[in-house]
Amino acid sequence: MPENLSDGSRASGVDIGIPSSGRPRYLRAAVKSVLAQTFKDWRLIVSEDGKASEGVAAILREYLGDSRITYSATGFKVGAARNMTGFLETGSLPYVALLHDDDRWEPEFLARRVDFLERHPECAFVFSPVILIDENGREIERLRRVLADGVYAPRDVVPRLLRENIVPVPSVVVRRSAYEAVGPAFYEALHRIYDYEMWLRLATSFPVGYLGLWDACWRLHGAQSSSSLRDRPVEYETFLRRADQLLAKTHPDLRLTNRQRRRRLAGWLLTSALDALAQRDYATSRALLRRSLRADGRSLMDPRVLALAVGLLFGPPGRWTVGGVRRIVRRHGLSIHLVR
């Protein structure tokens, strides 16, 4: 493991990628949050997955006079993971940040993370908790701090990452040389949690940094993408196999046991069942709940089971319990998947 990931030959600029999928409603706020950064050495690429849409193009016309901003479209649907990889392949600056087209940053976001990575050249990336906002930009909740400020070696952070994805995409700045060292491509077999696999891939190879502050906003709204809930268990099983392969090469002693893998899968199934319940897909919610209990009978003790039981028993009125239970579960450190 190299002691210093910085080659010292380039300025401390940041390549920023905003992936878009024809959703212009919040794009202006995302771009404006980049323009408002106190750290000015950045380049922004907005990449639309598929054909260029007039809605996205219209939003960006007023900003393309800034030479730091470019807009492109893939021409056909390549998927979120491949679109993200495109940013890594086209950029050249020493740091990389990804911002979804419905999220935003506070003005000091880049300055703080570049400063951290400059002071800690051994770190692959730095991340933080995020502020959850609603469709109107109002604060809903501040996700809890999961670590103390500082630098974490692989064996200190990887076990935590295996329990849950503690790395929100809007909060992350990654050193390009770290991406290049582990393979600068997101794992396309994972359609939703490709970022989770990448954070684990980086964290198994290099130390990572944490800042316990809130300067990145993750927007929750009804237009977010939520592909089929039914195939989520297969995707998470794929993630667990991928994690085992990574750890077998880097930290064999940190590999999960079969029992631990069943426990992780059961938790993921419960979260997916809650998502199905929130979408009023009661049949899928029941099926996922049953699969969770088969994967690990201890799931009966999970507070999410109570929320599901109430929601499924009482229908729409019971669905109001889900939001409250999710806040409680997040507060006590259990994994809750946020559908994007």
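All of the numbers you see were taken from the coordinates with simple rules; none came from a lab. Computed from a predicted model, the values in this text were never measured in an experiment. Note that each Cβ is placed from the backbone with ideal geometry, even for glycine, and that neighbours are counted across all protein chains shown.
Annotations
- Crossing angle, helix 282-295 versus the chain [Cα axis fit, 0-90 degrees, rounded to tens]: 80 degrees
- Working from label points 7 Å from Cα in the Cα-to-Cβ sense, the GLU108 to ALA185 distance is 4.0 nm.
- A simple charge model with +1 on the Cβ of Lys and Arg, -1 on the Cβ of Asp and Glu and nothing else charged puts the dipole of the chain at about 1440 debye relative to its Cα centre.
- Helix 303-314 axis versus longest C-alpha principal axis of the chain: approximately 70°, rounded to the nearest ten.
- FRET efficiency for ARG61 and ARG294, using Cβ-Cβ distance with R0 set to 56 Å, rounded to 0.05: 0.60
- In this Cβ point-charge picture (+1 for Lys and Arg, -1 for Asp and Glu), the range 28-159 has a dipole of about 120 debye about its Cα centre.
- Listed residue (VAL146, TRP214, ASN83) projecting farthest to the positive dipole end of the range 14-219, Cβ model: VAL146
- Rounded to 5, the percent of DSSP beta bridges in the chain classed as antiparallel: 40 percent
- Peptides ranked, highest mean first, by Cβ atoms within 10 Å: ranges 152-164, 99-111: 99-111, 152-164
- Rounded if a/c under 1.5, otherwise prolate or oblate - the range 159-208, Cα gyration tensor axes: rounded
- Relative contact order of the range 14-219, defined on C-alpha pairs under 8 angstrom at six or more residues apart (%): 27 percent
- Panel order for THR38, THR250, THR257, THR90, by other beta carbons found within 10 Å of each beta carbon, from fewest to most: THR257, THR38, THR90, THR250.
- Within the straight-line cut-off of under 28 Å between alpha carbons, the lysines reachable from LYS77 are LYS32, LYS51, sequence neighbours fewer than 8 places apart in one chain being disregarded.
- Over the range 97-221, all Cα pairs binned in 5 Å intervals from 0 give whole-percent P(r) values of 2, 11, 21, 24, 22, 13, 5, 1, 0, listed from short to long.
- In the range 1-100, the trypsin sites (Lys or Arg not before Pro) that fall in loop regions by DSSP, at most 16 other Cβ within 10 Å: ARG10, ARG25, LYS40, LYS51, ARG68, LYS77
- Formal net charge of residues neighbouring TYR63 (Cβ-Cβ distance under 9 Å; K, R +1; D, E -1): +1
- A Stokes-Einstein calculation at 4 °C with viscosity 1.567 mPa s, built on the Kirkwood radius of the chain over Cα pairs, returns a diffusion coefficient of 62 µm²/s.
- Neighbour-count order for SER72, SER47, fewest beta carbons within 10 angstrom listed first: SER72, SER47
- Relative to the longest principal axis of the Cα atoms of the chain, the long axis of helix 109-119 lies at roughly 80 degrees.
- Residue order, fewest to most surrounding Cβ atoms within 10 angstrom, among MET301, MET198, MET84: MET301, MET84, MET198
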